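Asker: Okay, handing you the structure first.
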Amino acid sequence: MLLLQLLWSFFQIGLFSIGGGYAAMPLIQQQVTVEHSWLTMTQFADIMAIAEMTPGPIAINSATFVGIRVAGIPGALVATFGCVLPSCVIVTLLAWVYYRCKGLSLVQDMLGCLRPAVVAMIASAGLTLFILAIFGQSGDIADLNYASALIFVLGLLLLRLKKPSPILVMAGSGAAFAALHYAAEAIKL
Amino acid sequence: MKKKLQRYLTLFWATFQLSACTFGGGFVIIPLMRRKFVEGLGWIEEQEMLDLAAIAQSCPGAIAVNAAILVGYRACGLAGAAIAVFGTVLPPLIIISVISFFYAAFRENELVSLVMQGMLAGVAAVICDVVVSLCGALVKERSALHLAILPAAFVLVRFLDVNIVFIILGCAGIGLAEGLLRSRLERRRA
């Protein structure tokens, strides 16, 4: 039953994440933290960080991670299978259509209207992660974490101006946060 | 027969390597695939690779998986598609399995937990950067319809808790209607 739920959840994630990369993020969040309580929001944020630091698509990385936590190795296999199944069917069909009629203008029109919606959904999921990063679990303004806020602003500036690899920014953010924490403790002592 | 097996193995190994070495998602894997399958192996033509990339990006699912299906299908038919998907999925499956087994112990370590907390701020910055870039690209399209969809979808998903699936289906419907309407207008004008 659990395996079937995993299969169905990740089938939906595979089916409705259009545009690659971060497009899958809001869907994964909805499935694993809202529809099913498979992960806490912190664990979801962790898997986003891990997915960014390791090779492979975010959707496959999350499928494996969630699958193992929920139902061990069979869970990981079932979730991953569910995630790639819609691709296998639809891509093969569309490739067939493409080689037959070479016309994709209607598909292009559809994607044109999907793109802004996908951006909006990524923004919304990103905002949730931002609140968790800066204000913690409570999301309360009083719980503002100055170190996190500083790292966020510096990271964003660096990304906009110098276009470094996101992996470097994330590794740097992690190291900087730990360094700031220990520095603050040393000053208190 | 032996030659066919050799080709399957080459395909598997190529997709496995590409997937294992691709950090940062689907848009990175397409140029790497081009180098391997167009320049390296010569299985696919230059223009065709561009078309395959467009299909991979228009279909649901991870771009890397979609591109692997297309390349595998082109190289060795349906069996090739299956082999290419397997080769692409295997590296993240192995890596994340290993990580998740250590995750609980790993997460309780104070240093790790601090680093993860800092990385969360980094992820937020990366996503914010991605959203700004995507919005910039949308503005350049100069389509009032697309610009109107962005805030509407944001309000629906953020404040009205509408299921993402309905928003995607709705926008696909709007796009389809727009395309049909325009082709009808063009036909009438002609």
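The values are calculated or read from the model by the stated rules, or taken from the named source; none is laboratory data. Quick caveat, the model's predicted, so the values are computed rather than measured. As a convention, Cβ positions derive from the backbone with ideal geometry for all residues, glycine included, and neighbour counts pool all protein chains shown.
Asker: Is it the case that B:VAL115 is within 23 Å of A:PRO166 (Cβ to Cβ) and facing chain A (nearest Cβ under 8 Å)?
Answerer: Criteria met by B:VAL115.
Asker: Okay, moving on. Considering only residues that are of a type in the set (Asp, Glu) and in contact (Cβ under 8 Å) with a residue 24 or more places away in the chain, look in segment A:15-67 and name the one that is nearest to B:PHE166 (Cα to Cα).
Answerer: A:GLU35
Asker: What residue, of A:VAL153, A:VAL118, is farther than 30 Å from B:GLU186 by Cβ, more than 7 Å from every other protein chain (Cβ to nearest Cβ) and either touching a Cys at 6+ places or on another chain (Cβ under 7 Å) or β-branched (Val, Ile, Thr) (or both)?
Answerer: Criteria check complete, one pass: A:VAL153.
Asker: Tell me yes or no: at least one residue of segment B:29-38 is more than 10 Å from every other protein chain (Cβ to nearest Cβ), crowded, with 24+ Cβ neighbours inside 10 Å and among the aromatic types (Phe, Trp, Tyr).
Answerer: The answer is yes; a qualifying residue exists.
Asker: For A:ILE47, state whether it is surrounded by fewer than 22 Cβ atoms within 10 Å (Cβ to Cβ) and either at the interface with another protein chain (Cβ under 9 Å from one of its Cβ atoms) or among the hydroxyl-bearing types (Ser, Thr, Tyr) (or both).
Answerer: Taking the combined requirement at face value, the residue does not satisfy it.
Asker: Tell me, which residue of segment B:144-178 that is over 26 Å from A:THR128 (Cβ atoms) and either under 24 Å from the mean Cα position of the chain (by Cα) or loosely packed, with under 13 Cβ neighbours inside 10 Å (or both) is nearest to the other protein chains (Cβ to nearest Cβ)? Lay out the reasoning, then the answer.
Answerer: Step one: filter segment B:144-178 for residues over 26 Å from A:THR128 (Cβ atoms), giving B:144-145, B:173, B:175-178.
Subset that is either under 24 Å from the mean Cα position of the chain (by Cα) or loosely packed, with under 13 Cβ neighbours inside 10 Å (or both): B:144, B:173, B:175-176.
Numbers: B:ALA144: 11, B:GLY173: 8, B:GLY175: 3, B:LEU176: 5 Å.
Ranking the candidates gives B:GLY175 first.
Asker: If you don't mind, another one. Would you say A:LEU158 is assigned by TED's automatic domain parsing to the domain that holds A:ALA45 and surrounded by 15 or more Cβ atoms within 10 Å (Cβ to Cβ)?
Answerer: So A:LEU158 does not fit the description; no.
Asker: Scan segment A:67-82 and give yes if some residue there is charged (D, E, K, R), out of contact with any helix residue (DSSP H, G or I) (no Cβ under 6 Å at 6 or more places or on another chain) and within 13 Å of B:ILE96 (Cα to Cα), otherwise no.
Answerer: Checked segment A:67-82: at least one residue is charged (D, E, K, R), out of contact with any helix residue (DSSP H, G or I) (no Cβ under 6 Å at 6 or more places or on another chain) and within 13 Å of B:ILE96 (Cα to Cα).
Asker: Another question about this same structure. Whether any residue in segment B:109-123 is in contact with a Leu (Cβ under 8 Å, 6 or more places away or on another chain) and in contact (Cβ under 8 Å) with a residue 60 or more places away in the chain is what I want to check.
Answerer: No - not one qualifying residue is present in segment B:109-123.
Asker: Can you say whether A:VAL118 is in contact (Cβ under 8 Å) with a residue 60 or more places away in the chain, in a helix (DSSP H, G or I), in contact with a Phe, Trp or Tyr (Cβ under 8 Å, 6 or more places away or on another chain) and not small (Gly, Ala, Ser), as far as the supplied structure shows?
Answerer: So A:VAL118 fails the test.
Asker: Shifting gears a bit: Looking only at segment A:91-104, decide whether some residue is crowded, with 22+ Cβ neighbours inside 10 Å and either more than 7 Å from chain B (Cβ to nearest Cβ) or closer than 12 Å to B:SER97 by Cα (or both).
Answerer: Looking for residues that are crowded, with 22+ Cβ neighbours inside 10 Å and either more than 7 Å from chain B (Cβ to nearest Cβ) or closer than 12 Å to B:SER97 by Cα (or both), one finds none in segment A:91-104, hence no.
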